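Notes to accompany the following structure.
The values are calculated or read from the model by the stated rules, or taken from the named source; none is laboratory data. Quick caveat, the model's predicted, so the values are computed rather than measured. Protein only, heavy atoms only, side chains kept; ligands, DNA and RNA dropped before computing areas. Shrake-Rupley method; radii C 1.70, N 1.55, O 1.52, S 1.80 Å.
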Amino acid sequence: MSVQELSENVFWSARQINRYFNQQFGVSLKAYCNILRFGSSFKDISEGRLFPEENFTDQNHFIKEIKKYSGVTPKELSKNKDDRFMDIVAIKKLDT
């Protein structure tokens, strides 16, 4: 859902929503949603699915977003050297 679509649903302007998110979280709503999308990709990555299942427009977009927030490609992230990403460790432990 875009910021514009959300603003129409909650009867706030996109500017009001972004101002609120910047005050509360220090980032815009779009950046916040991108971070949530990044976190939601951990399960797929932990299971070796290194392509976007949903929420990403294409493979290139997926790789760029993962690298932006983790500093590594999805393939490197799936290896999780030194248990760098605790969410992936937790997901793998839940699956066993």
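What to note about this one:
- Residue-normalised accessible area of segment 1-47, given per residue in Å² at a 1.4 Å probe: 67
- Going by accessible surface with a 1.4 Å probe and the largest first, ASP44, ASP58 read ASP58, ASP44.
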